[in-house]
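S.K.: Encoded as structure tokens, here's the structure I'll be asking about.
The values are calculated or read from the model by the stated rules, or taken from the named source; none is laboratory data. Just so it is clear, the model here is predicted, and its values are computed rather than measured. Ideal geometry is used to build each Cβ from the backbone, glycine not excepted, and the neighbour counts take in all protein chains shown.
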Amino acid sequence: MSKVIDVHTHMYTAGWLDLLKRKGGPDLTVEAGLDSPETVCYKGASFCVLEPPHFDFELRIKNMEKAGVDMAVVSMPPPGVIWGKGEVCLEAAQMTNNEFAQAQKDHPEHIRWMAVLPWETPELAVEEIKRACDMGAVAAIVHGSINGRHLTDPDFAPVWQELDDRALPVLVHPTYPIGTELMELDRYALIASTGFMIDTTLAISKMIFDGFFDRYPNLKIIASHAGATLPYLAGRFDRVWDTTERAKVKISKHPSEYLKHIYYDSVTYAQEALELCVKVATPDHVLYGSDYPFNLGDMEGCLGRVNNLPEGVKHKVRGDNAERIFNL
């Protein structure tokens, strides 16, 4: 049976949490919530439930072994390290990347990691990419939007160029989307159910129509949560491109062709959704992910849905594709 490699799975660090509590305000706060003793909130809207396994690599590995997962490429999800300015962002990033690098040394059979970067200060982010890769990072993570700015913002071009030059995989992970307050996403856990899907979908859509993938052809972008709504919208994207000149300003081929260029994880909770993702992406571009250890995370369930895929597909998704794109 093929190796199982989890590419969408998360860790925080105790030092990072302490720094966030001291430096994250006023927009970001850590408060008691209905679903966890501590949850990160954006202007009062809960979007990141903190769980004890987020801080415990030994417990993570025990749970991986129980679920049948061989290796995890861990990453720090939102709010990441973009809530401070300059040196505070850099301190949080370096602290986190150092701890992840040590976890890989301590657990070389089970742990790899993605670099977290101080995107708000691009020159510092570029230097941290270099440092993190020297320490063993196999990828990087970025939010679907960065403090109200889209990923196609020209200010971020030096960071993307460095990542492209290295042909690194980059997990695009959603955060609270632009317009959270106007959409009233502070209600009913709507950031988790709907807001995250908006953030990823809009981020990748803008990349496609802005010609981003023509400018950075070596990047291996991974769209979180089975691409959010992107597989469902593939046909609509092409219809808009066929019938609307405005959609053709920067790209010369159907948007669905770019959807085959990027990668997707398997974090979805219906077999039919995973199968649609595989159909749109092609079997070579889907990777197992679990979203562990968030309360929505589901190592065993996500793996079960992958194992239900056709024999010629499931082994690629379980780990073969990840071994290839992460050079494991």
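S.K.: Being in contact (Cβ under 8 Å) with a residue 12 or more places away in the chain and surrounded by fewer than 22 Cβ atoms within 10 Å (Cβ to Cβ) is the requirement here; does Phe213 meet it?
M.R.: Yes, satisfied.
S.K.: Only one residue in Glu257, Glu245 is among the charged types (D, E, K, R) and farther than 19 Å from Ala203 by Cβ, so which one is that?
M.R.: Glu245
S.K.: Answer yes or no as to whether Ala137 is touching a strand residue (DSSP E or B) at 6+ places or on another chain (Cβ under 6 Å), assigned to a loop (DSSP other than H, G, I, E, B) and of a type in the set (A, V, I, L, M).
M.R.: yes
S.K.: Moving on to the next point. Got a sec? Which of Leu185, Leu171 is farther than 27 Å from Met114 by Cα, in contact with a helix residue (DSSP H, G or I) (Cβ under 7 Å, 6 or more places away or on another chain) and surrounded by 23 or more Cβ atoms within 10 Å (Cβ to Cβ)?
M.R.: Only one candidate passes the filter, namely Leu185.
S.K.: Please go through the stretch 92-127 and pick out each residue that is part of a helix (DSSP H, G or I) and under 26 Å from Ile178 (Cβ atoms).
M.R.: Correct list: Ala92, Ala93, Thr96, Pro122, Glu123, Leu124, Ala125, Val126.
S.K.: Which one of these does Met197 not meet: (1) touching a residue at least 24 places away in the same chain (Cβ under 8 Å); (2) more than 19 Å from Val7 (Cα to Cα); (3) crowded, with 16+ Cβ neighbours inside 10 Å?
M.R.: In the conditions (1) touching a residue at least 24 places away in the same chain (Cβ under 8 Å); (2) more than 19 Å from Val7 (Cα to Cα); (3) crowded, with 16+ Cβ neighbours inside 10 Å, Met197 misses (2) alone.
S.K.: Something else about it: Regarding Glu99, is this residue surrounded by fewer than 16 Cβ atoms within 10 Å (Cβ to Cβ), modelled with pLDDT of 95 or more and either under 21 Å from His10 (Cα atoms) or in contact with a His (Cβ under 7 Å, 6 or more places away or on another chain) (or both)?
M.R.: No: the conditions fail for Glu99.
S.K.: Restricting to strands (runs of 3 or more DSSP E) lying wholly in the stretch 36-81: which have 2 or more residues that are within 23 Å of Gly136 (Cα to Cα)?
M.R.: In the stretch 36-81, the matching strands (runs of 3 or more DSSP E) lie at 71-75.
S.K.: Only residues that are in a helix (DSSP H, G or I) and among the hydrophobic types (A, V, I, L, M, F, W, C): list them for the stretch 198-219, please.
M.R.: Ile198, Leu202, Ala203, Ile204, Met207, Ile208, Phe209, Phe212, Phe213
S.K.: What number of residues within the stretch 220-234 are in a loop (DSSP other than H, G, I, E, B) and surrounded by fewer than 24 Cβ atoms within 10 Å (Cβ to Cβ)?
M.R.: Qualifying residue count for the region: 1.
S.K.: On to the next question. Hey, among the residues in the stretch 166-223 that are more than 19 Å from the chain's Cα centre (by Cα) and of a type in the set (Phe, Trp, Tyr), which one's modelled with the lowest pLDDT?
M.R.: It comes out as Tyr188.
S.K.: Let me ask you something else. Quick one: would you say Ile61 is on the phi < 0 side of the Ramachandran plot, crowded, with 17+ Cβ neighbours inside 10 Å and either in contact with a helix residue (DSSP H, G or I) (Cβ under 6 Å, 6 or more places away or on another chain) or among the polar types (S, T, N, Q) (or both)?
M.R.: Considered against the rule, which asks whether it is on the phi < 0 side of the Ramachandran plot, crowded, with 17+ Cβ neighbours inside 10 Å and either in contact with a helix residue (DSSP H, G or I) (Cβ under 6 Å, 6 or more places away or on another chain) or among the polar types (S, T, N, Q) (or both), Ile61 comes out as no.
S.K.: Shifting gears a bit: From the residues in the stretch 237-261 that are of a type in the set (A, V, I, L, M) and touching a helix residue (DSSP H, G or I) at 6+ places or on another chain (Cβ under 7 Å), which one is nearest to Val170 (Cα to Cα)?
M.R.: Leu259
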